[in-house]
Amino acid sequence: MDAFTAGLLQRIRTTETDLTRARETGDDFLAEVEQGELDDLHRLAAEHGVEVRTAGV
């Protein structure tokens, strides 16, 4: 796995964790921001052929 792929997958995992935490604490604004970031990361992964397996956040 190259550095780009590893970094992208790490950013996705971190963002998923942050999104879960925002939802659990009821921070709707932060959850919306994190969801937008996650959507962008998934789009970037798709553009570069990176397969992403998520926990279904």
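The values are calculated or read from the model by the stated rules, or taken from the named source; none is laboratory data. Keep in mind that this is a model prediction, so the values were computed, not measured. FYI the Cβ positions are ideal-geometry reconstructions off the backbone, even for glycines, and counts take in every protein chain you see.
Values as computed for the structure displayed
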{"item": "Scope the stretch 4-21; condition touching a residue at least 12 places away in the same chain (Cβ under 8 Å), surrounded by 12 or more Cβ atoms within 10 Å (Cβ to Cβ) and not acidic (Asp, Glu); matching residues", "result": "THR5, LEU8, LEU9, ARG11, ILE12, THR15, LEU19, THR20"}
{"item": "Within the stretch 27-57, considering residues that are of a type in the set (Gly, Ala, Ser) and in contact (Cβ under 8 Å) with a residue 12 or more places away in the chain, the one surrounded by the fewest Cβ atoms within 10 Å (Cβ to Cβ)", "result": "ALA55"}
{"item": "Residue in the stretch 11-22 that is at pLDDT 95 or above and more than 11 Å from the chain's Cα centre (by Cα) present", "result": "yes"}
{"item": "Meets criteria (outside any helix (DSSP H, G or I) and exposed (fewer than 11 other Cβ atoms within 10 Å of the Cβ)) for GLU24", "result": "no"}
